[in-house]
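In what follows, a structure is listed as structure tokens, so that the remarks can point back to it.
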Amino acid sequence: MPDNNELRALRHLNDYAHALTTDDFNDDDIAENAFLDVIDAVNPPKKDELKELYAKLKVGSQNGSKADIFLAYAEAAKSFGALKKEFELGKIKANNAQSSLLFPSLAKELKSVAESLAALKQATTEILNDLDNAKKALDSGDIKKLIDEASASKDSLDKVIAAFKTITTK
Amino acid sequence: MLKKLWIASGTLLTIAGCTATPDLSKWAQASEDIRDGMVRSQVTTIGKLDMLVGAAAEAKSQGWQSTCGTEKPTLLTVDWMTAEEEWKTDLENYRVAAMQVEGGLTAMVLYAQAVNELAVSAGTGKEASEGIVKSLSSIGSTLGVAFPTFNGAGEIFTLISEQWTKVEAQNSLAETMSAMQGNVDNLAEALVKQAAIQIRIVDNLTDKGTQAIKGKYGTERVCYFQKKANQLYAQAERPYKNYNIADNEAALASKPLSDKESRELETEITNHLVADQFGLPIYRQYMDEVTALRRWENASKTQLVSVQRAVTEWAKAHREVADTMLACGGLRSLRSKCGNLTFDNLKIARDRIKSIEASFKDN
């Protein structure tokens, strides 16, 4: 006839087996610790049987032998080596994009280039003329066509940026 | 061609700022928290493994028992004769893996910081323009260059630079973040997997640690006390109670205990005093250490689950920003689906153009 400790160990082991099927590790640990706290009080041969069952449950839940997890960790960690390179490139791309923003860049360059005064005047005059055309387009209802044309492609943006950049090289 | 593009830019710039550039500072901070959470877990793991290697060396030299009594070993039983070498190998492998994980996560943090700085720089156009205008005034003044329309040009320049910097930054954000989204998703997936294995490692270390604590206090002794755990208090109390009853009864009967009776009770008390003074404290110390280890286990697993959840949200936020910038960032903010092509926006555009024109007429 099973004694009290044996019944308690069996109940906790049953809870543990059930908890392994849930996502909450807390359930596993509570049942597991309760089992471990009582198992040494169970008399053999039942103690060996229950411990063996517990070990099989635990190792089975981890899909491998007890030593595999460190190898699994090392194997999985390799992907971080490749990702490191990709993120370093991403950082360079973001930094380059930031440092080549036109107006902050212009601010740096124009501070030391007196000749840019003429370039700036010429650019602003051209902008004024173009804005005048834009205003006419807006008033005449052509604005949507204008907007669609400009916003449709990334190529346009690059060309506009390139056009702005000519200011500094004039 | 140039003229046509200038027209487009001049008009669009006034409207393009309608899509707000996202504040990525908290997102960048979250990436640091994710990295730090994982690194902390790895550091404590290395500490535990290091301690276990030391315990295993002690176990081998002192001949710790792996099992209690006639108990048969299981798949989880530690063999103290071979544990030191096995755990040393685990520690070495883990150190290398931990460095790889930390390296990848640090690169991720630096990327996040760079993206955040790029987003912040979207708002630096006006400031940059003011810098240019100021320096040009200074240069013009120094060189004595006549520049009658300068004030008007300054206004235009400020307007354009404010909007255009935003356009450029938003487009760069769209380009950079979209290009990186695959890597961001891969990193999130890799970290969720890595943290899941780490949770199993924490579990494994708790098992090993418990056996090491048991070995330190004596496997057989702990096993004995565990069997007796529920009776120890009653056992310790019993001889005192027996003595007190006998003494009381003797007093009531006005008949002192015989020397033999006194000696027997005192011997029983002495025996239990030994257990009380030496046995129970050892078992309590063992239980305290096991409890502390379990507390560490729970805290570590909770933290790792948080890392898993956080990195999933982190990648999702990156995707949302990348998608938003790609769909409505920069010049694309004018697309009707972005909700910016409204009558009010067109009116603002017209008003701004008028004000620019007026500023030039004044000069």
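The values are calculated or read from the model by the stated rules, or taken from the named source; none is laboratory data. Because the structure is predicted, anything quoted here is derived from the model rather than measured. Using ideal geometry, Cβ is built from the backbone for each residue, glycine included, and neighbour counts are taken over all protein chains shown. The area values use the complete protein model at the heavy-atom level, side chains included, leaving out ligands, DNA and RNA. Shrake-Rupley method; radii C 1.70, N 1.55, O 1.52, S 1.80 Å.
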A:Ala9 is checked against (1) within 8 Å of chain B (Cβ to nearest Cβ); (2) crowded, with 18+ Cβ neighbours inside 10 Å; (3) within 17 Å of B:Cys223 (Cα to Cα) and fails just one. What number does that condition carry?
-> (1)
Would you point out the residue of segment B:70-104, among those that are surrounded by fewer than 17 Cβ atoms within 10 Å (Cβ to Cβ) and hydrophobic (A, V, I, L, M, F, W, C), that is farthest from the other protein chains (Cβ to nearest Cβ)?
-> B:Met81
Complete set of residues in segment B:188-208 that are open to solvent by 10 Å² or more (accessible area, probe 1.4 Å) and in contact with a Leu (Cβ under 7 Å, 6 or more places away or on another chain) | B:Ala190, B:Ile199, B:Asp207, B:Lys208
Inter-residue pairs, beta-carbon under 8 Å, first among the basic types (Lys, Arg) and in segment B:83-95, second surrounded by 16 or more Cβ atoms within 10 Å (Cβ to Cβ), 6+ apart = B:Lys88/B:Val53
Mind checking which pairs have a first residue in segment B:41-65 that is farther than 17 Å from B:Ala299 by Cβ and among the basic types (Lys, Arg) and a second that is in a loop (DSSP other than H, G, I, E, B) and open to solvent by 20 Å² or more (accessible area, probe 1.4 Å), Cβ under 8 Å, 6 or more apart or different chains?
-> B:Lys60/B:Met81
Pairing a residue in segment A:41-62 that is more than 8 Å from chain B (Cβ to nearest Cβ) and in contact (Cβ under 8 Å) with a residue 12 or more places away in the chain with any residue that is aliphatic (A, V, I, L, M) and open to solvent by 30 Å² or more (accessible area, probe 1.4 Å), where Cβ atoms lie under 7 Å and the two sit 6 or more apart in sequence or on different chains, gives A:Leu50/A:Leu10; A:Leu57/A:Ala17; A:Leu57/A:Leu20; A:Ser61/A:Leu20
Name the pairs whose Cβ atoms lie under 9 Å apart, with the first residue in segment A:91-109 and facing chain B (nearest Cβ under 7 Å), the second outside any helix (DSSP H, G or I), and 6 or more positions between them or separate chains?
-> A:Leu101/B:Ala122; A:Leu101/B:Thr124; A:Phe103/B:Thr124; A:Pro104/B:Thr124; A:Ala107/B:Thr124
Unique residue being over 46 Å from the mean Cα position of the chain (by Cα), assigned to a helix (DSSP H, G or I) and closer than 24 Å to B:Val78 by Cβ when the list is A:Lys47, A:Lys56 = A:Lys47
Subset of segment B:184-214, residues at pLDDT 95 or above and small (Gly, Ala, Ser), comes to B:Ala188, B:Ala190, B:Ala195, B:Gly209, B:Ala212
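Pick out the one residue from B:Thr267, B:Thr302 that is in a helix (DSSP H, G or I) and under 30 Å from B:Leu205 (Cα atoms).
Numbers: B:Thr267 fails: under 30 Å from B:Leu205 (Cα atoms).
Exactly one of B:Thr267, B:Thr302 is in a helix (DSSP H, G or I) and under 30 Å from B:Leu205 (Cα atoms), namely B:Thr302.
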Could you tell me whether B:Lys48 is open to solvent by 10 Å² or more (accessible area, probe 1.4 Å), in a helix (DSSP H, G or I) and within 30 Å of A:Tyr54 (Cβ to Cβ)?
-> yes
In segment A:28-58, what residues are among the aliphatic types (A, V, I, L, M) and open to solvent by less than 20 Å² (accessible area, probe 1.4 Å)?
-> A:Ala31, A:Val38, A:Ile39, A:Ala41, A:Val42, A:Leu50, A:Ala55
Residue pairs qualifying under the 7 Å Cβ cut-off, at least six apart or on distinct chains, with the first in segment B:104-116 being on the phi > 0 side of the Ramachandran plot and in a helix (DSSP H, G or I) and the second being hydroxyl-bearing (Ser, Thr, Tyr) and modelled with pLDDT under 95, are none
A:Tyr16 is checked against (1) in contact (Cβ under 8 Å) with a residue 40 or more places away in the chain; (2) among the aromatic types (Phe, Trp, Tyr); (3) at the interface with chain B (Cβ under 7 Å from one of its Cβ atoms) and fails just one. What number does that condition carry?
-> (3)
Check A:Asp28 against each of (1) over 17 Å from B:Ile197 (Cα atoms); (2) more than 7 Å from chain B (Cβ to nearest Cβ); (3) assigned to a helix (DSSP H, G or I) and name the one condition it does not meet.
-> (1)
